[in-house]
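What follows is a single structure, written as structure tokens, with notes after it.
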Amino acid sequence: MRKLWWRHAALIVISIIMLAPFYWLLKTAITSENIYEYPPHLLPVRPQLFNFVDVWYLIPFPRYLFNSIVVSLIAVAGNLVLNAMAGFALTLPFVGRRSVIVLLLSCTLIPFQATIIPAYLITAHLGLLDSYLGLALPLLSTIVCIFIFKASFDAVPRSLIDAARIDGLGEMRILLRVMLPLSTPAIATNIVLSFIWSWNNFLWPLIITRSQDMQTLPLGLARFLSYMEDTTGALYAFVVMVLAPGLLVFLMAQSAFMRGLTTGATKG
Amino acid sequence: MRWRRILLSRFFIVPAVLLLGTGAWNVYVDLHAHGLLEGSVIDAAGKPVAGATVILSVHDFVTQVEKARTRTDAAGRFRFDDNPSHLIQLQAQDGTEASPRVTIRLWFRGQDRVVTEPLRLAPNA
Amino acid sequence: MRSRRRATVIACFLAPSLLIFIVYRILPLVWNVVLSFEYWSPLHPATWAGLDNYQEMLQDDDVFWLALWNTLIFLGSQPVAIALALGIALLVNSDLKGASVYRTIVFLSYPLMTVAVAIIWHWMYNERGGLINYALRQLGIIHQPIAFLDSFAWALPSIIIANTWQVLGFFMIVLLSGLQNIPPHLYEAARVDGAPAWARFFRITLPMLRPSVFLCLVIGMLNSFSAFDLIYVMTNGGPGHATELLITYIYKQGFVSTRFDYAAALTVAQFAILLLLTWIAHRAVGGNAGAIE
Amino acid sequence: MKRRTFLAGTAATALTTPAIAQTSKKLTFLSWNIVDQADLFKTWFAEFGKLHPGVEIEWLDKKGPDLPPFYQTQLAAGTPPDVVDLQGGIGVEYAAQGALLDLTPYLAKQPDVKARFNADYLGNWVWEGKNWLVPFYVAKSLLFYNKSLFKKAGIEAPATSFDELLTQAEKIGAGGGDQTGFLTLNFDWLYWALFRMNDVELLTPDLKQPAFDTPKMIETIERLAKGTAGTAINKISWTGRWVEPLGAFASGQVGMLNAHSSAYFFLKGQGAWINPDTLGVAELPGNWSVPTLHGYGISKGTKDPDLAWAFVEFCTAKKQAQEMADNRRILTGYTEVDDTLMDRIKGQEPLAYAVLKTQLEHTDKLCGNWPLPSDSRVKDAFYPELQNALLGRKDAKTAMKEASRKVARELRRA
């Protein structure tokens, strides 16, 4: 059993490296020491929670949080519906299937930063400026998530699908009744990934939102960063408040998410 | 039976607890946010000072704005009832003597607070 | 008649997603391609420029070559991150007590907002009060603090380490799901033949992980775009152009120097290079893009 | 903002209604990172609404690096904000692109408005003989110095020449520990006074050709590079942006700092040691300084230029300028308002008074503010090469030859 001890040691070291930034973030958020002094203190000095109060009143945090939640919910809903349908369509043989796959793969290589002006012009044309739908539209479907669905649909045994077809189920009902119940892990992965990517989106909301009360959390953070360039506790308190909701959702869903990704689509 | 499983699942309990906590906190804030602020002024020897002016200034990240002034009563006590902020500074002045600026941090705007530590006047250095 | 009905069903299943990609990815790419052959700024009519933008990019602009080189170094660091993640995945992929706790800890950094990660690491690399300088000095590895983000040698590696810290968890998860899809009987057969651990690894584990590795490589390429926020907040191009990636250079040429035509040419160049790299990675992994696990 | 808005917000969700309400007339005002004055702006908008019934003001605020992308995208979409707050070089750049409205006729029609402003600061945004922006927040570079380090190194007064500046920096730098003598900000040409005091010119008077590749420039760079290699000049001068250089000076280990007056409030927050006895303030040798000004401009694409001008005139009027000056402790370029602000803070904050006083003197010796249509491109072509030379990664001669070639190409293309 010597191997076990060695494995635990390695994993503990890795965990420390991964958790050190979180600890430092929390420590600086509860003490507003000027982190320019050398040597930095490993343990918090005179901890107090007033930084959070200052931040709460300076930046309309509830409004930003609410906007971020609404946009993320739209994005997650959109992703589930569109990715499932596209993933299922890609499992069916049709002419030009490979070229659609290559097209989708090459779409991932187009950087968002280079598409801002045309994307803005199109959204303005649709009249969705400064609105939740306008914010969520580019995020409604993600290519990586489509392939995650496609992989788990490929693993569904053909016999089940053929049986359903013989019973006369339409394609949509096959997707809903046969495919999706068997790939809950892929669903969990889709939910978490699309939530993460829409929650962290920074550049698109910056360009498309006009009024103060349509801003999302990343914009609030970027605004705070510039407004409070120095590194006292207030900036870090705000970083903690921005990260907490995302981490909370992830920690709650992580067992399903982990099970989803790690137990593979189906056995055998 | 399905409802019981959902009610006990994490996805219901955690948001419910959060909402309950926010609601309770809001009620507590409404009951205690009248902006009352009381304290006392003493001189270098520790005797209460009557008629000293006390300045309340609101401390923002960038600027510092004086919001209100009051005078202490015969027993050297002063009272503000319109404190608008959560981060304020108090300073007592009596003729040439002045006390150091005391920073007071509150948990929410206008929290009623009795400042236990009196403002001690010191000869203006 | 049945196949035509099926074709319409497939079409309307694919339509919404494809519509989103066409409107928000392909049309802008076409816009960029057209623009890269013109002189244009927001208030002036576009005039034909032929290959001037490309000619300037290839011959006149040494920052383009530096940004390209930095981008390739950045993309080169992704396989290192994937190898690290594979190591961790192997460690965690056992019936160890607490394995799921370790998995969550390693993955915890991925859902974070890149702007927040940049703020944390921007401070950790600080010369005076930063944690990394403090740790290195306590361990006696260095005596004088290193200004990581201000030195031409250390700036890009620092950005790469911060990016690796964030994406390591996601690579680990993807590889873990690949590992667990390998049917156990293959291992029994190899163990029966007396193959040592490393032979099992190279002859069974690695070949079976090909689809997961390819997915990680594609994600790695995407990371060079999400690194924009990291660089924008941490070094904004770094000392001189030391941490200028193509993506940050495109943003600067477009919005800071208001040269959208030149930025379009850079975008087309970047798209072509990444397409080539994806094709090479696809070939290296034993070309079958469809079988992505 | 009552706390309960969070709960009320979750109930009333308007999912897709665009927030731009259609009223009779709407004026859009885009400000540059002035979100801390939200309350002040609300009172201004209400007051302006009374003067011009039926006008609704939409206020947008973007922070520094984010304003150009937002404004350029709006320009491309043909919906630029009517009034925009621009800074330094960007003002002339957007004017040269034809994005801004020429304000000369408006200023000519109302000489009283033109007389408000300090002529040098107003002249900062003159391009092809026309005025494009009116200042409302002025700052220029000055020399902060650490009096205790000066005393320790036996220096009585700040330097009055470039040579004296370097020798003082060397003396302080030799003070041991990780002490360094001199430090400067490097964005927006803020360091240019160092070269201007050595009679180095960036461009020819007609702004068409580079004119900096001279033996005098090479010598200045070599002396600065020698100082940077040692401890006379802190390396962060050439690589830091805002937090690093000012944080280093605030830690008390740097003798002198070349920065503009808004850096003072950051230093006061960071450095506990800063008080009138420990922080000295002076002009740079030769009284040269680089301005960083904020001004109001009007987008040419505005639907109602007269209304936009009325708003600009309203915002720079005496009452409003005074309120902005008092709230943010800044100088507005409106000579009368600045004098009253100075009198008020003379008693309250002697140090802030000393800092702001330098901003009103020697405004005839401004440098580093050439009206260039391609200011950011020239800066991007010049500075990396200068930085390489100053950090000793390239010798000064080749660096300046390369910079000269690149700057010439940018000027030709503009």
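Read-outs: derived from the displayed coordinates by stated rules, not from any lab. Only a predicted model underlies this, so the values are computations on that prediction, with no experimental measurement involved. Note that each Cβ is placed from the backbone with ideal geometry, even for glycine, and that neighbours are counted across all protein chains shown.
A few points about this structure:
- Relative contact order (%) - criterion: Cα under 8 Å, at least six apart; region: chain A: 32 percent
- Rounded to 5, the percent of DSSP beta bridges in the protein assembly as shown classed as antiparallel: 70 percent
- Overall, segment B:34-120 carries a charge dipole of about 80 debye about its Cα centre when +1 sits on the Cβ of Lys and Arg and -1 on the Cβ of Asp and Glu, all other atoms neutral.
- For segment B:22-27, the Karplus equation 6.51 cos²θ - 1.76 cosθ + 1.60, evaluated at θ = phi - 60°, returns couplings of 4, x, 4, 4, 4, 4 Hz by residue, with Gly and Pro reported as x.
- Amide H partners (placed H, <5 Å) of B:Gly39, local residues excluded: B:Phe78, B:Val115
- For chain A, a Gaussian network of Cα nodes joined below 10 Å ranks A:Gln113, A:Gln215, A:Gln48 by mean-square fluctuation, and the top entry is A:Gln113.
- Dipole axis of the protein assembly as shown (+1 Lys, Arg; -1 Asp, Glu on Cβ), positive-most option in C:Gly178, A:Ala29, C:Tyr24: C:Gly178
- Taking GluC sites (Glu not before Pro) across segment D:94-177, the ones in a DSSP loop with at most 13 further Cβ atoms lying within 10 angstrom of their Cβ are D:Glu128, D:Glu156.
- Taking the helices alone, chain D has a mean residue ellipticity at 222 nm of -14000 deg cm²/dmol, built from -39,500 (n - 2.57) per DSSP H run of at least 4 residues and averaged over all its residues.
- Amide H contacts of D:Lys26 (H built 1.01 Å from N, under 5 Å, at least 5 apart or other chain): D:Glu56
- Pairs with C-alpha atoms separated by more than 21 Å, drawn from the list D:Lys171/D:Lys235; D:Lys147/D:Lys357; C:Lys252/D:Lys208, are C:Lys252/D:Lys208.
- Checking every one of the trypsin sites (Lys or Arg not before Pro) in segment D:203-252 against DSSP loop status and a limit of 15 other Cβ atoms within 10 Å picks out D:Lys208.
- Structure-based [θ]222 nm, chain B - -39500 (n - 2.57) summed over DSSP H runs of at least 4, per residue, nearest 500: -8000 deg cm²/dmol
- With a simple spin-label model that places each label point 7 Å from the Cα along the Cα-to-Cβ direction, the separation between A:Leu4 and A:Leu126 comes to 5.5 nm.
- Given charges at Cβ of Lys, Arg, Asp, Glu: chain D dipole, positive-most of D:Ala95, D:Val126, D:His362: D:Ala95
- Electrostatic dipole magnitude of the protein assembly as shown [Cβ: Lys, Arg +1; Asp, Glu -1; Cα centre; debye, to 20]: 4340 debye
- Translational diffusion of the protein assembly as shown, estimated by Stokes-Einstein from the Kirkwood radius over alpha carbon pairs at 25 °C in a medium of 0.890 mPa s, is 77 µm² per second.
- Neighbour counting of Cβ atoms within 10 Å sorts the residues B:Arg113, D:Arg413, fewest neighbours leading, into D:Arg413, B:Arg113.
- Structural size metrics of segment A:48-262, computed from C-alpha coordinates, are Rg and Dmax of 20.4, 68 Å.
- Summed side-chain charge close to C:Phe228 - residues other than C:Phe228 whose Cβ falls under 15 Å, Lys, Arg +1, Asp, Glu -1: -2
- The Cα atoms of segment B:34-120 define a convex hull whose projected area, averaged across directions, is 5.3 nm².
- Comparing mean-square fluctuations of C:Gln253, C:Gln180, C:Gln138 from a GNM of chain C with C-alpha springs under 10 Å, the top value falls on C:Gln138.
- For A:118-126, mean number of other protein chain Cβ atoms within 10 Å: 5
- Largest GNM mean-square fluctuation across C:Ala155, C:Ala11, C:Ala189, computed for chain C with C-alpha springs under 10 Å, falls on C:Ala11.
- Most positive-pole-ward Cα, D:Tyr296, D:Ile155, D:Pro285, against dipole of chain D from beta carbon charges: D:Tyr296
- ³J(HN,Hα) computed for each position of segment C:133-147 - Karplus, 6.51 cos²θ - 1.76 cosθ + 1.60, integer Hz, glycine/proline x: 4, 5, 5, 4, 6, 5, 7, x, 5, 10, 10, 9, x, 9, 7
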